[in-house]
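The values are calculated or read from the model by the stated rules, or taken from the named source; none is laboratory data. No experiment lies behind these values; they were computed from the predicted model shown. We place every Cβ from the backbone using ideal geometry, glycine too, and count neighbours over all the protein chains shown. For the accessible areas, the whole protein counts, side chains as well, though only heavy atoms, and no ligand, DNA or RNA atoms are used. Shrake-Rupley method; radii C 1.70, N 1.55, O 1.52, S 1.80 Å.
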Amino acid sequence: MDRTSRVVSAEEMARQREFGAQVKALYERRGRVPMAYTQTFGCQQNEADTELIRGMLAEMGFGFCTDIDQADIVIINTCAIREHAEDRVYGNVGELSHAKKKNPALVTVLCGCMAQQQHVADRIKNSYPYVDIVFGTHALPRFPQILFECLSRKKRVFDLEGDEKGAILEGVTPVRKQGHRAWLSIMYGCNNFCSYCVVPYVRGRERSRTPDVILEEFRSLVAQGYKDITLLGQNVNSYGSDLDGACDFPTLLEMINDVPGEFWVRFMTSHPKDASTRLFDVMAKCEKVCASIHLPVQAGSDRVLREMNRRYTAEKYLSLVEYARSVMPDITMTSDIIVGFPGETNEEFQETVDLLEKVRFDSLFTFIFSPRRGTKAWDMPDPMSREDKQKNFDRLLEVQNRISKEKNDEYVGRRVRVLVGEEENEKSYNNEYTKQSRTEGFKLVYLRGAEGLEGRFVDAIIERSSTWALFGSVADGESN
Ligand code: 5AD
Ligand code: SF4
């Protein structure tokens, strides 16, 4: 395999820039700066893709607006992970008909994971005539061309073409949100084919960006003042396996840790089958790498894990957790759980609850199984009723909420380092704690006395806790 990742060729980039220039010229003839409105569903990877799309739009001369009535183009970047996510997108697409009535020149675009699926594109084509463009994840580098075709020929464009081992788009500067937190994609796609999951079908195979482009982007983020940077990939632990052993994930973390500047770096998502003791050793040793990990376990029963094609056992998972805590006693851990995988019995579900009690995660993302077309689990017999799954789901939340509260209680009275954010505390309770901040473990801390400290690392004394947050004040000697 190649030592360097396959990137979109210089010729193709130049061709796309040419299409971009033509789009720009089309709008210039209309005599004003065109505005783009973007909306993102789903995971951080999708957020990062939207930032790339915004980068492409900026190159084509677009400005950005937060009011759809001001927009010349609306882009909805979609998620296919569960049916609920798709239903929400269909709801929002429906609303585009009003915007289009008000402004017939509006260009409406659906892209991303959901749009990569043929049955979705067909449904949009037949039932949502006011959607102008549908393009999948593989077509992303061709976006300028797609937009030009739509505008110049005044026709709908559907583009799901592309290689699932598709070349990586480099050289576009993402337009990120202001603030102190940023995403940085280090790889795309997934090779794991967990039997419930649509991601490998809609995002293609794993492709790693090279360490040099990642480091360059990382340095530029630090220079721009970003202080909490999350490295993204569906399975960061297999980073570099397509780079011919040139660099693996722990090595990448070591290199990033050596970048000068004051920052935290974190990452997601980690697959337990590829998480090594070396990963945890490196995390423990690198002071800028947060002692925090999102390590989705999905289920506690070995039979269910096998059916899910996860390729680890509950015991293996527990031994990873134990090792991580032996080298980082304060590490925070979060996880994903699927309740009601086809054929999961109540006894097997109980094994998930038992695992939760053993691990004691800081918090959890819990989902009821949602059948996804094209995956192996789509056809599996699924005898348990929705009501029974919901009961198990509710019980899981109850157990986790108790654990989360107990874990948060342990922080009361402690002095912890936090990064102060821009966001205000919008909750009506505990109103004197006006600022939001995050710990190294990504725990939310509402702070008092933090005005003017946005974007700074400060020590906080934790005074109270709830299931979802901590409350504290800035420690003496930390204010301006
Ligand atoms: N149904 C329910 N949850 C799912 N996830 C992925 N696919 C499905 C599905 N078909 C969950 C997994 C994964 C998280 C991102 O979403 O827990 O880790
Ligand atoms: Fe989906 Fe499994 Fe890949 Fe995660 S590792 S994206 S759950 S197939």
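Here are a few things to note about the model shown:
- Residue tally, condition in a loop (DSSP other than H, G, I, E, B) and exposed (fewer than 14 other Cβ atoms within 10 Å of the Cβ), over the stretch 322-348: 3
- Among residues of the stretch 133-164, those that are part of a loop (DSSP other than H, G, I, E, B) and either closer than 16 Å to Gly20 by Cβ or open to solvent by 20 Å² or more (accessible area, probe 1.4 Å) (or both), counted: 8
- Scanning the stretch 349-367 for residues that are open to solvent by less than 20 Å² (accessible area, probe 1.4 Å) and not polar (S, T, N, Q) yields Phe349, Val353, Leu355, Leu356, Val359, Phe361, Asp362.
- Close pairs (8 angstrom Cβ cut-off, 6 or more residues apart or separate chains): touching a residue at least 60 places away in the same chain (Cβ under 8 Å) in the stretch 24-36, of a type in the set (S, T, N, Q) and in a helix (DSSP H, G or I) anywhere: Leu26/Ser152
- For Thr66, the criteria (1) within 23 Å of Gln178 (Cα to Cα); (2) within 16 Å of ligand 2 (Cβ to nearest atom) hold in every case but one, which is (2).
- Top-ranked residue in the stretch 368-389 [being surrounded by fewer than 17 Cβ atoms within 10 Å (Cβ to Cβ) and basic (Lys, Arg); ranked as nearest to ligand 2 (Cβ to nearest atom)]: Lys376
- Given (1) away from ligand 1 (no atom under 16 Å from the Cβ); (2) open to solvent by less than 40 Å² (accessible area, probe 1.4 Å), number of the condition Thr78 does not satisfy: (1)
The rows are residues; the columns are (1) open to solvent by 20 Å² or more (accessible area, probe 1.4 Å); (2) aliphatic (A, V, I, L, M); (3) in contact with a Pro (Cβ under 7 Å, 6 or more places away or on another chain); (4) not in a loop (DSSP other than H, G, I, E, B).
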| position | (1), (2), (3), (4) |
| --- | --- |
| Asp69 | yes, no, no, yes |
| Val74 | no, yes, no, yes |
| His84 | yes, no, no, yes |
| Gly91 | yes, no, no, yes |
| Gly94 | yes, no, no, yes |
| Lys101 | yes, no, no, yes |
| Ala105 | yes, yes, no, no |
| Leu110 | no, yes, no, yes |
| Arg123 | yes, no, no, yes |
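- Lone qualifier among Arg278, Arg303, Arg266 - being among the basic types (Lys, Arg) and within 30 Å of Glu347 (Cα to Cα): Arg303
- Residue check: Leu96 meets all listed conditions (1) at pLDDT 95 or above; (2) out of contact with any helix residue (DSSP H, G or I) (no Cβ under 8 Å at 6 or more places or on another chain) but one, namely (1).
- The stretch 287-314, residues that are free of Cβ contacts under 8 Å to residues at least 12 places away in the same chain and closer than 15 Å to Ala275 by Cα: Thr313
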